[in-house]
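Okay, so here's the structure we're looking at.
The values are calculated or read from the model by the stated rules, or taken from the named source; none is laboratory data. Just so it is clear, the structure is predicted and the values come from calculations on it, not from any experiment. So basically every Cβ, Gly included, is an ideal-geometry build from the backbone, and we count neighbours across all protein chains shown.
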Amino acid sequence: MRSVPAQGTRALTTLAAIAASVVAGTAMAPAAHGASGATTLILSGAAAKSLRAAGVQIAPVKPAKGNAQRIVLPVRGGLAGASTTVLTHRGAISLRYRGRSARLSTLRLVLGKRSRLSAKLGGRNIDVFALPSGRNRSVDPLAGTVSLSGSRLKLTGAGARAIATQLVPASGRRASSSAQAQTSPAVEPGHFGGLSTRASGLTTGGSPAPLDNDALQPSGCPLPSGAGPAPEDPLPVATRPPGAVDIVSATIDWHVRESFIRYINTGEGTSVSGGATADPPVLLSGASAPLTYDFHFPFAEGWHDAGANSADPADDRAAIYFGGAVRFLYSGHEIDLTTAEPEIEIAGGGSRAIFSVQEGADPAKRQALVNLDLSRAAAISANGSSYAYERVPGAVPSGTASSVFAGFYAPGTEFGCFTVRYATS
């Protein structure tokens with residue numbers, strides 16, 4: 001029997017450093033969702049006052065508005081998630097000193113476990129400001145709205161160094177400390193002021209599937225009837241019954257939620273490794289370009305138990321293990337998920353798809369990616385020793401703390417479907 005450690009295995013892909021794009025989503029640009037709102041910076045902290053006192057001119061760049069003490073950045077778009085919210089902005093911030101300038105552009109506000117305001121500066125994306133605190137924060141992932149006030153804005157060490165590099169001539173940086181003090185401003189990290197934001201029309205985190213809706217998605221995936229059970233913590237490995245037989249061959253097709261694929265492809269997109277394969281891109285309704293929605297994984301091993309009624313495959317139990325990995329990457333919007341080594345558990349109302357999931361550079365962990373709703377499968381059949389579960393819809397599980405996608409999608413939201421076929425010995 002296959003042994004799977006509680007922490008799973010590390011993903012099979014080499015992960016790039018998180019630094020360069022923006023968050024996941026639809027095929028259209030965020031502005032097409034009708035996003036509106038603004039993020040306001042009040043530059044009243046000691047670090048900002050010190051720069052102005054040294055002669056650094058701080059000003060908004062259109063369409064941003066304001067002055068040296070208050071800058072208003074229009075919201076371009078973003079994603080409202082239950083645990084992570086990302087806003088992108090129009091305009092920029094200019095800092096000028098004795099003929100030299102530093103421009104903070106492509107400003108991106110991330111609200112989550114590590115809230116920050118990043119920008120492109122000197123050709124690199126840098127977390128310029130940290131937001132160590134914030135009061136009166138409200139995010140509605142279903143309505144696509146966010147508001148935040150009372151957040152402290154802190155210039156980071158990386159931000160201070162990058163600004164100094166742009167404002168201080170190379171010759172000044174090589175000069176003695178006393179000479180440099182006379183020709184360059186002191187750019188020190190620390191309290192820079194405050195931040196507030198209010199936005200609407202953001203890409204939403206989805207909504208649960210309606211309980212009485214038997215309609216098909218455009219892809220042909222049925223909609224699940226609900227979230228299903230919350231996953232256990234720690235997640236156990238399925239116990240093989242004494243009478244189970246070996247599975248000798250199996251195939252799997254994972255059709256991923258289409259809006260998520262379009263969203264991810266606004267960033268770096270998807271990639272496969274470790275023997276996993278991707279179907280050729282197809283142009284579906286609602287997409288502006290052909291994309292890949294279906295992924296396959298190499299069979300490793302598995303077992304099957306006929307259950308109480310050998311004539312009815314709906315009450316059978318099985319565990320089928322696969323290899324390979326699919327990576328979903330939209331680094332600028334904090335999405336870097338590698339889903340590897342899927343396990344399909346067939347167990348009636350407890351059926352689910354488990355993956356070894358690696359988020360960024362964190363260690364991989366076995367997680368129940370979706371619950372599988374056998375009652376809404378397009379077809380379930382058995383022919384001798386061959387079994388097929390066709391287009392079984394997947395739903396984001398209950399229990400937001402342990403659900404991979406619950407940070408962006410509500411429990412019960414459909415997340416595509418699985419087709420699994422296998423043969424026993």
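Do we find that Thr106 is at pLDDT below 90, crowded, with 20+ Cβ neighbours inside 10 Å and assigned by TED's automatic domain parsing to the domain that holds Gly55 in this structure?
Working: at pLDDT below 90: yes; crowded, with 20+ Cβ neighbours inside 10 Å: no; assigned by TED's automatic domain parsing to the domain that holds Gly55: yes.
So Thr106 fails the test.
Across region 299-308, not a single residue is classified as within 20 Å of Pro393 (Cβ to Cβ), touching a Ser or Thr at 6+ places or on another chain (Cβ under 8 Å) and in contact (Cβ under 8 Å) with a residue 40 or more places away in the chain.
It is to be established whether one or more residues within region 116-134 are surrounded by 15 or more Cβ atoms within 10 Å (Cβ to Cβ) and more than 19 Å from Gly157 (Cβ to Cβ). Yes, region 116-134 contains a residue that is surrounded by 15 or more Cβ atoms within 10 Å (Cβ to Cβ) and more than 19 Å from Gly157 (Cβ to Cβ).
Which one of Arg96, Arg76, Arg100 is in contact with a His (Cβ under 7 Å, 6 or more places away or on another chain), of a type in the set (D, E, K, R) and either loosely packed, with under 15 Cβ neighbours inside 10 Å or touching a residue at least 40 places away in the same chain (Cβ under 8 Å) (or both)?
Values: Arg96 fails: in contact with a His (Cβ under 7 Å, 6 or more places away or on another chain); Arg100 fails: in contact with a His (Cβ under 7 Å, 6 or more places away or on another chain).
After applying the criteria, what remains is Arg76.
Among the conditions (1) at pLDDT 95 or above; (2) over 16 Å from Val256 (Cα atoms), His296 misses just one, which is (2). For region 290-307, the set of residues classified as of a type in the set (A, V, I, L, M) and either within 21 Å of the chain's Cα centre (by Cα) or outside any loop (DSSP other than H, G, I, E, B) (or both) consists of Leu291, Ala300, listed by residue number.
Okay, residues lined up against (1) of a type in the set (Asp, Glu); (2) modelled with pLDDT under 95; (3) surrounded by fewer than 22 Cβ atoms within 10 Å (Cβ to Cβ):
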site: Asn309; (1), (2), (3): no, yes, yes
site: Asp315; (1), (2), (3): yes, yes, yes
site: Ala318; (1), (2), (3): no, no, no
site: Arg327; (1), (2), (3): no, no, no
site: Glu341; (1), (2), (3): yes, no, no
site: Asp362; (1), (2), (3): yes, yes, yes
site: Ser381; (1), (2), (3): no, yes, yes
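Each residue in region 277-298 was checked for being in contact (Cβ under 8 Å) with a residue 60 or more places away in the chain, touching a strand residue (DSSP E or B) at 6+ places or on another chain (Cβ under 9 Å) and of a type in the set (Ser, Thr, Tyr), and 1 of them qualify. Applying the criterion of at least 2 residues that are of a type in the set (A, V, I, L, M, F, W, C) and over 19 Å from Thr266 (Cα atoms) to the strands (runs of 3 or more DSSP E) found wholly in region 69-151 leaves 70-79, 92-97, 100-111, 116-121, 124-130.
The criterion of at least 3 residues that are over 30 Å from Ala64 (Cβ atoms) and modelled with pLDDT of 90 or more is met by the following strands (runs of 3 or more DSSP E) wholly inside region 188-289: 245-255, 269-273.
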